[in-house]
Each structure stands twice: as structure tokens, then as C-alpha cells.
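The values are calculated or read from the model by the stated rules, or taken from the named source; none is laboratory data. Here the structure is a predicted model, which is why all the values come from computation and not from measurement. Every residue, glycine as well, gets a Cβ built from its backbone with ideal geometry; the counts of neighbours run over all protein chains shown.
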Amino acid sequence: MHLTVAAAGGDHATVRDAVAAAEPGARIVVRAGRYVGDLRIDKDIALVGDGGRDAVVVQGSVTITSECELAGLTIAEPTGHGLIVRGAKANPRVRDVRVRDGAQIGLYVSAGARGRYERCEFSGSGWSNVEIRDAGSDPALCHCRIVDGKRGGVYVHSSARARLEDCDVGANALANVFVQSDADPTLVRCRLHDGKEGGIMSLDGGRGTLEECEIFGNALSGVELREGATTTLVRCIVRNGRGHGLYCHDSARGELWECALFDNGRSGALVQSMATPNLVGCVIRHNRDSGVIFERGGAGTLLDCTIAEHAKAGIEVRDDGEPRVERCHVEGAGAAGIECDDGGRGRFEDCVIVRAGAAGVAVGKNGAPVLVRTSVEAALVGISVGDGGRVEADECRVRGGAVAGVSVRRSGTIKMMRSHISGGRFGIYSDQPGGQTVEQCEVTIEPVAA
């Protein structure tokens, strides 16, 4: 069955009448024009615009509750949602469709609906451009553009799933992607950029996986994980945001594997308030604050990471932060390579700290790191301890440049075991008796060449 819709000369003058008359399996071709009125599709038909999506405009909402095909048209200025896909039987094939300037949500997928959406655009919606909700909902969006939402870009929540591939999500008023309440979307090769707030926010047990995505130019943090979120990023780039590259807090977890976080306006990663993310094989470089900051009980693991060229510290631990750092390379910090202050703790194993602008490791105000098999080299002092700080170091190599390998001052204490220590003027310098315990160590003076 083949039907045409046109203002004159077609089988029907309105799209609504053609849909009502069509039998399952019918193909409806819509000629160029503007057609006013909401549509409901509850049977497997094909509704195809003739002349491209700019030529055929449906002014109103389109609701789909079945399998069907929708292609080559624009859904414009609906007073409610734009494209509504609802129920477990809804599994449309949607391509080359634009949904724009609706009062509420652009694409609304709910109640177990699915569907495949290719080369679509969702823009200018009064609420989120795309919202996916409810267990069983699992649409696939490929090569879609999701931009300029007056609230969020993509909102996935309430145990929904979704897959977005090669999508461009940008310039939305809230987070470009928002994941909440056990939702578990997968994003592959997507670009999340230029958001008025963040790139992606995951909270309230939000899950999800991002693979080979690029997150850049957002006004707040590129990635924010909070309130028990467990989102995973794999081989993603997070760059050139005005906030932190990663902001993980309020008991969030999450994992970053082989990601790059660079040129962000604040730190590469900020971990606080009992959050425990794992960063593995990541490169964190050239952010304007410290490379990674752990504070207010923030913990987690850094494994096989490179942390380089930061204006402040490479790794900063304060306010009861306590990370585990293994096999990391910390290079070119403007201040200390590792800084533990205000009760900051942590365990650093098999790390290399080089080219720190001041101390390789600086500890004060009740900081208490443990260093194991770690190599430290700095321009002035290898390890500096003061203000009640405490350091334990075992099987380490510590070299200070112009001053000392180890400097202990103002009620600081250090216990060095089975380590090699050297400095330009002092192997170990202490301004108080009993500030250092040295067992089975080699201590040398290596003057710096003039």
C-alpha cells in the first residue's frame, strides 16, 4: 500500500488522515510543506518525507507505540514533547529527522521503548533535548546532533539503558549528558562540548560507560561523579574545560582507564568527600591547578598514571585525603611533586617524581604519607618535612639538588629505611634533634656543579 500526502494532488491532504487510513506495511510519502497537528503511530508503517527534512515540517508532536519507520522530516515547535516513543512494543527506525524548538522534551523514550535513531538532530528544546527513562528502555542513537537545549542535552535515568555512537552533544544549558538513578548508558566516540555547565554528570547511583569520547570546552567540570555514581571512562579525552577535568565527590566511585585529562582551568582531577575513583594508565597534564587533588576524605587509586607539567603540585593530598598511588610518574610540577598537608595521608609505591620546582615531596601540618620503592628528584630538596608532618620511606632513592636530600624542620619527623639519600649541601638536614630515624641507608653529598 502506497499513499502520498500533499496540499494538493495527493491521496490525503494531512499526514494525520494518511496515518489513520494506512494499513500495516504501508508506505506514506509526504510532499514538501508544513503540516499542523499531532500524530500518533501505532502500526508498522513507513512515514517518509520527500525532498529532505527541511522541506517537510510537522508542526506538533509525534507519538510512536509500535514498530515503524520515520524518515526525512522535521518535527517543529510542539507545545509538549516532540517525538514520544513509549512502551515495550515501540521500536521505530528513525533517520534524518530533526526535532526542534519544542516546549518540553525533544525525544522522549520511556516504558521499555527502544528504537534506532540515525543522523537525527534534537535542538532547542525547553527541557532536555533527549530524555530516556525506565527499566527496559534501550534506544540506540547514531551520528546524531543534540545541541542548544534550554536545559540538558541527554538525560538518562530510572534504570534505563541507551547506546549513543558518534554523536555530537553540545552547547546545552545544563550538563550535556546527565545520568541518574541506576541508569546505564553507553557512549562511544561521542563529543560532549561547550556546555554551559558540565560535560557529563552522573549521580544517585548512575552508571554508564564512555569509550573513546572527547569532552571539551565545558564551563564547569568535564566529568562530575557524585552520590554513589560508578561511571567508567575508557580512552576518553577530557580537555580545555574551565573547571576540573574530573570532579568526583560524595561517595562516588567510577573508573578511568587510559584517559587523558589536560589543559583544564582548574585541576586535572579533584577527589573529595569519601569518593574513591580508580584512575589507571591515565595521562594528566598541564592543568592550571594541581594535577590531582585528594581532600576531605577523598581516596581511590592512581595506577600507572603520568602526571606532568602543572602550575602547582603534581599530586596534592589534604584534609584527610588518603589515596593509594602505584607506579606513577610525576614530572615538572611548579611546586612539589607530591604535597601532603592538613592531615593528608596516602601510600605511594614504585613511583618516580622528577623535576619538581621546589621539593619532590613536601609534607606539613600533620600530613603522613608512606613512600615505598619510590624515586624522588627535585631542584632544591628531595623530601621536605615540617609543621608536624610525618613520613615513612622504605627502599627509596631521594636526591635533592641545591640544598638537601631530606630536610626536617619544625616538629616534623621522618623514618627512612633501606634508602639512598643525597643532596647538594646536605644528605639529611634537621633543625631539631630526634627528627629523623635512619636505618640501613646510604647518605651522600653530591655538590651541584656551578
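Numbers at a glance
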read-out	value
Output for the range 179-202, where each listed residue is more than 21 Å from Asp148 (Cβ to Cβ) and either without any contact (Cβ under 8 Å) to a residue 40 or more places away in the chain or touching a Ser or Thr at 6+ places or on another chain (Cβ under 6 Å) (or both)	Gln180, Ser181, Asp182, Asp184, Thr186, Val188, Arg189, Ser202
Qualifying residue in the range 263-273 (condition: assigned to a loop (DSSP other than H, G, I, E, B) and basic (Lys, Arg))	yes
Test set (1) touching a Cys at 6+ places or on another chain (Cβ under 6 Å); (2) hydrophobic (A, V, I, L, M, F, W, C); (3) not in a strand (DSSP E or B) - Val97 fails condition number	(3)
First in the range 323-340 and assigned to a loop (DSSP other than H, G, I, E, B), second anywhere and of a type in the set (Ser, Thr, Tyr), Cβ under 7 Å, 6 or more apart	Pro323/Thr301
Complete set of residues in the range 172-207 that are part of a strand (DSSP E or B) and surrounded by 24 or more Cβ atoms within 10 Å (Cβ to Cβ)	Val177, Phe178, Val179, Pro185, Leu187, Leu192, Ile200, Met201, Ser202
Residue in the range 329-346 that is of a type in the set (Val, Ile, Thr), modelled with pLDDT of 95 or more and in contact with a His (Cβ under 6 Å, 6 or more places away or on another chain) present	no
Subset of the range 23-52 [in a loop (DSSP other than H, G, I, E, B), touching a strand residue (DSSP E or B) at 6+ places or on another chain (Cβ under 7 Å) and closer than 18 Å to Ala7 by Cβ]	Arg31, Ala32, Asp50, Gly52
Subset of the range 221-257 that is within 12 Å of Leu210 (Cβ to Cβ) and either in a loop (DSSP other than H, G, I, E, B) or in contact (Cβ under 8 Å) with a residue 40 or more places away in the chain (or both) - its residue that is nearest to the chain's Cα centre (by Cα)	Gly222
Test: residue in the range 3-19 that is in contact with a helix residue (DSSP H, G or I) (Cβ under 7 Å, 6 or more places away or on another chain) and surrounded by fewer than 17 Cβ atoms within 10 Å (Cβ to Cβ)	yes
